[in-house]
Amino acid sequence: MKKVLVTGATGQIGSELTTALREKLGMENVIAAGHKKTPEQTFIDSGPFHFLDVNRIETIAALVERYKVDTIYHLAAILSATAEKNPQLGWHINVDGLCNVLEIAREYKCAVFTPSSIGVFGAETPKDNTPQDTIQRPSTIYGISKVTGELLCDYYFTKYGVDTRGVRYPGLISYKTPPGGGTTDYAVEIYFEAVKNRKYTCYLKPETYLDLMYMPDAVKAAIDIMTADPETIRHRNAYNVSSMSLTPEIITASIKKIIPDFSIDYNVDPLRQAIADSWPNKMEDRVAREEWGWMPDYDLDATTEDMIRNISQSR
């Protein structure tokens, strides 16, 4: 049975991926690790949990050796808007932390999943149906760190044979974990405010298109790429995966089908608007579909229905 370590396990992706992996592999076989943030007790009770600083390589090695880990899902990261406020921290966590994980993976012969992001693209990148292989000139430290991460993972695969794999996530929508400082956080906040207050003030312009994905599909992509036949995957780090290309206006229309009196207004944040304007409207993910069978399960209305139902039940 595989032994899996998840770094950043208390974050938006990590909390849900850890749960899914424990259901699939058994609670004792998935070791969750986080930094500072204490998870809910049910998370701790469902399997091993340890506090971990990815910039202390010896702590990663200790967990890998103790549990005989063979696969690392490395999710610890500083997200786009937060990283812009502290670029040095963004680089330190996103790049130096990844280097430590890759070194441990090389030494202990672990496979590694590292998520990349739509943030690796920039203003010169084609905005519609962004190809798998295209110009990557990001304007944020987050994007720069993620491009660096893709190249580092390629290097460790080519140079040392480390089984590195990853996907380029769009913005992610989830009801289970609060947003963590990303440019697409509005697509989570809007649902909570719709249920709670029937109104929302958005920090992006109403016509701003961005690629978005519901969290169950993001979890599915992470698991599927790591179980794919290595003979079929050529790009490894990292595949475009896409689901929905949306604007605040479009999401509002979907919400109003269930909450007719919901309203939205706008107070544009120049920082996050500039980041959003530099990203693609929609990534083209044909290569992921062809090489390992990627296919999302959720469209917008299915996402909206599930988000509103679960938020309402948790109040």
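FYI, it's all coordinate maths here, none of it is from the lab. What you are looking at is a predicted structure, and each value in this text was computed from that prediction instead of being measured. All Cβ positions, even for glycine, are placed from backbone atoms using ideal geometry, and neighbour counts span all protein chains on display.
By the compact-protein rule of thumb, 2.2 N^0.38 Å, the alpha-carbon radius of gyration of the chain corresponds to a ratio of 0.96. Anisotropy class assigned to segment 1-111 is oblate, per the alpha carbon gyration tensor with a/c at or over the 1.5 cut-off and a/b no larger than b/c.
Look at 66, 236 and count the other Cβ atoms within 10 Å of each Cβ; fewest to most, that gives 66, 236. For the charge dipole of the chain, defined by +1 on Lys and Arg C-beta atoms and -1 on Asp and Glu C-beta atoms about the Cα centroid, which residue among 118, 83, 296 has the Cα displaced farthest towards the positive pole? Checking the options against the dipole of the chain, the answer is 83. A straight line joining the Cα centroids of segment 278-315 and segment 52-71 runs 32 Å. Does segment 212-315 come out rounded, prolate or oblate by the C-alpha gyration tensor, with a ≥ b ≥ c the root eigenvalues, rounded set by a/c under 1.5 and, if not, prolate when a/b is larger than b/c and oblate if not? Oblate, because a/c is 1.5 or more while a/b does not exceed b/c. Among 280, 260, 178, which one shows the highest mean-square fluctuation when the chain is modelled as a Gaussian network with alpha-carbon springs under 10 Å? Per the Cα network of the chain with a 10 Å cutoff, 260 tops the list.
The alpha-carbon atoms of segment 44-170, seen along their principal axes, cover 46, 33, 27 angstrom, with the largest extent given first.
Counting beta carbons within 10 Å around each of 229, 53 and listing the fewest first gives the order 229, 53. Shape verdict for segment 70-128, please, from the Cα gyration tensor: rounded (a/c under 1.5), prolate (a/b greater than b/c) or oblate. In terms of gyration-tensor shape, oblate.
For segment 73-90, the residues whose amide N sits under 14 Å from a probe point set 7 Å from the Cα of residue 271 along the beta carbon direction are 79-90. Beta bridges assigned by DSSP with both partners in the chain are antiparallel in approximately 10 percent of cases.
Packing, as the average of other Cβ atoms within 10 Å across residues, places the peptides 264-275, 112-123, 158-169 in the order 112-123, 158-169, 264-275, highest first. In this structure, the residue pairs whose Cα-Cα separation is over 24 Å, taken from 146/256; 2/176; 220/257; 109/159; 85/146; 127/176, are 146/256; 2/176; 220/257; 127/176. Quick check: Cα centre of segment 101-151 to Cα centre of segment 159-189, how many Å? Comparing the Cα centres of segment 101-151 and segment 159-189, I get a distance of 12 Å.
Normalised by residue number, the volume inside the convex hull of the Cα atoms of segment 147-253 is 120 Å³ per residue. Going from the fewest other Cβ atoms within 10 Å to the most, the residues 157, 262 appear in the order 157, 262. Please identify the GluC sites (Glu not before Pro) of segment 253-315 that satisfy two criteria: DSSP loop assignment and at most 12 other Cβ atoms within 10 Å. Which are they? In loop regions of segment 253-315 (DSSP not H, G, I, E or B), there are no sparsely surrounded GluC sites (Glu not before Pro).
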